[in-house]
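Right, one structure below, let's go through it.
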Amino acid sequence: GASAPVLEISGVTAGYGRTTVLREVSLSVPRGKVVALLGSNGAGKTTLLRVASGLLRPARGRVALDGRDVTRQAPHERARMGLCLIPEGRSVYRTLSVLENLRLQIPPWEKHTALDEVFTAFPILGERLGQSAGSLSGGQQQMLALARAYLCNPSVVLLDEVSMGLSPRVVDEIFASLKTLAATGVALLLVEQYVNRALDMADDVVLLNKGAVSYSGSASGVDEDEVMRGYLGQD
Ligand code: ATP
């Protein structure tokens with residue numbers, strides 16, 4: 001429905017084998033909003049994105065897109081419903097050209113105007129169309145990975161540490177492009193190590209501590225120091 005959150009996770013418990021990683025986690029991404037998902041290493045952020053996108057089936061709880069229960073839907077079905085996952089670690093085909101990488105992402109029913117949006121967001125990609133993705137810089141490869149967020153026509157994009165390992169200048173560019181994307185009305189769920197940059201663009205913040213939500217609310221109500229204390233599990 002129109003008023004339902006674009007993504008809603010309710011009471012999710014999940015893990016790997018006998019290891020429970022997430023305990024009773026609930027999180028809501030309102031339509032068109034940016035939610036920062038923060039927490040220390042191993043808190044379960046990536047695991048939560050896996051549950052949201054359908055790569056990992058939760059032991060308990062529910063995932064809904066636009067108010068529709070998708071807990072039992074496969075990842076490709078959720079993608080078709082408007083969920084786009086940008087996983088950790090620049091997912092590009094290194095031996096294919098930039099243009100070939102982009103063309104792989106364009107569904108046949110999609111108009112090629114989407115490519116123009118990519119070249120507006122990342123002009124450098126338009127200049128490197130014939131070059132192999134593997135020969136791009138780390139930042140350019142991440143831009144190519146992020147181009148998927150424009151080509152899959154999403155209503156919500158899940159981003160897993162897209163700024164990891166990049167220089168501060170490139171991180172600035174990546175965040176500028178994320179702001180542009182958010183301004184088009186696409187909702188973002190942002191897993192990010194740069195707490196201040198994430199807080200700067202987020203509407204809401206969810207803090208994950210050892211697999212449980214330790215804070216959930218408006219981003220304007222928290223500062224970086226509070227979040228860092230939350231990381232350490234102190235109050
Ligand atoms: P990071 O910032 O290090 O990526 P994270 O918050 O994303 O951390 P997860 O990657 O979700 O955390 O990992 C949470 C816990 O689950 C960790 O203890 C990790 O060792 C464990 N884990 C992750 N993937 C697997 C797996 N495939 N099999 C078993 N355990 C796993």
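The values are calculated or read from the model by the stated rules, or taken from the named source; none is laboratory data. All of these numbers come straight from a predicted model, not from anything done at the bench. Reconstructed Cβ throughout: ideal geometry from the backbone, glycine too, with neighbour counts over all protein chains shown. Surface accessibility is based on the protein's heavy atoms, side chains included, excluding ligands, DNA and RNA. Shrake-Rupley method; radii C 1.70, N 1.55, O 1.52, S 1.80 Å.
Accessible surface of CYS152, taken over heavy atoms with a 1.4 Å probe and every protein chain present, rounds to 50 Å².
Its relative contact order, with pairs defined as Cα atoms under 8 Å and 6+ residues apart, puts the chain at 28 percent. For the chain, modelled as a GNM whose springs connect Cα atoms under 10 angstrom apart, the maximal fluctuation among GLN73, GLN141, GLN193 occurs at GLN73. Across the chain, the longest run free of exposed loop sites, meaning trypsin sites (Lys or Arg not before Pro) lying outside DSSP classes H, G, I, E and B with no more than 11 other Cβ atoms within 10 Å, spans 112-235. Shown in residue order for segment 124-140 are the 3J(HN,Hα) couplings computed by the Karplus curve 6.51 cos²θ - 1.76 cosθ + 1.60 at θ = phi - 60°: 4, 5, x, 8, 10, 4, x, 7, 5, 4, x, 8, 6, 5, x, x, 5 Hz (x for Gly and Pro). Placing unit charges on the Cβ atoms of the charged side chains and taking the dipole of the chain about its Cα centre, the candidate lying farthest along the positive direction among LEU56, ASN101, VAL213 is LEU56.
Using only side-chain charges placed at the Cβ, +1 for Lys and Arg and -1 for Asp and Glu, the dipole size of the chain relative to its Cα centre rounds to 900 debye.
Count the DSSP beta bridges whose two residues both fall in the chain, then state the antiparallel fraction as a percent rounded to the nearest 5. Antiparallel bridges: around 55 percent, rounded to the nearest 5.
At 1.4 Å probe size, with the rest of the protein present, what percent of the exposed accessible area of segment 82-235 is carbon and sulfur atoms?
Ligands and nucleic acids excluded, carbon and sulfur give 50 percent.
In the chain, taking the dipole from charged Cβ atoms about the Cα centre, the farthest positive-side position among ALA14, LEU83, THR184 is held by ALA14.
Magnitude of the charge dipole for segment 124-235, about its Cα centre and with charges confined to Cβ atoms of Lys, Arg (+1) and Asp, Glu (-1), is about 460 debye.
Using only side-chain charges placed at the Cβ, +1 for Lys and Arg and -1 for Asp and Glu, the dipole size of segment 70-133 relative to its Cα centre rounds to 220 debye.
At an R0 of 35 angstrom, the distance between the Cβ atoms of THR13 and ALA183 translates into a FRET efficiency of 0.50. Solvent exposure of the chain amounts to 48 Å² per residue of accessible area, where only protein heavy atoms count and the probe is 1.4 Å. Here the simple spin-label model places points 7 Å from the Cα toward Cβ, and for SER132 and ASN153 these points are separated by 3.4 nm.
Quick one: grab the alpha carbon gyration tensor of segment 20-73, order the square roots of its eigenvalues as a ≥ b ≥ c, and give me rounded if a/c is under 1.5, else prolate or oblate depending on whether a/b is larger than b/c.
oblate
Sort segment 23-173 into rounded, prolate or oblate with this rule: let a ≥ b ≥ c be the square roots of the eigenvalues of the Cα gyration tensor; rounded if a/c is under 1.5, and if a/c is not under 1.5, prolate when a/b is larger than b/c, oblate otherwise. It is prolate, given that a/c is not under 1.5 and a/b is the larger ratio. A 1.4 Å probe over all protein chains sorts PHE119, PHE175 by accessible area into PHE119, PHE175, starting with the largest. Local charge for ASP172 was computed over the other residues whose Cβ lies under 11 Å away, with Lys and Arg +1 and Asp and Glu -1, and equals +2.
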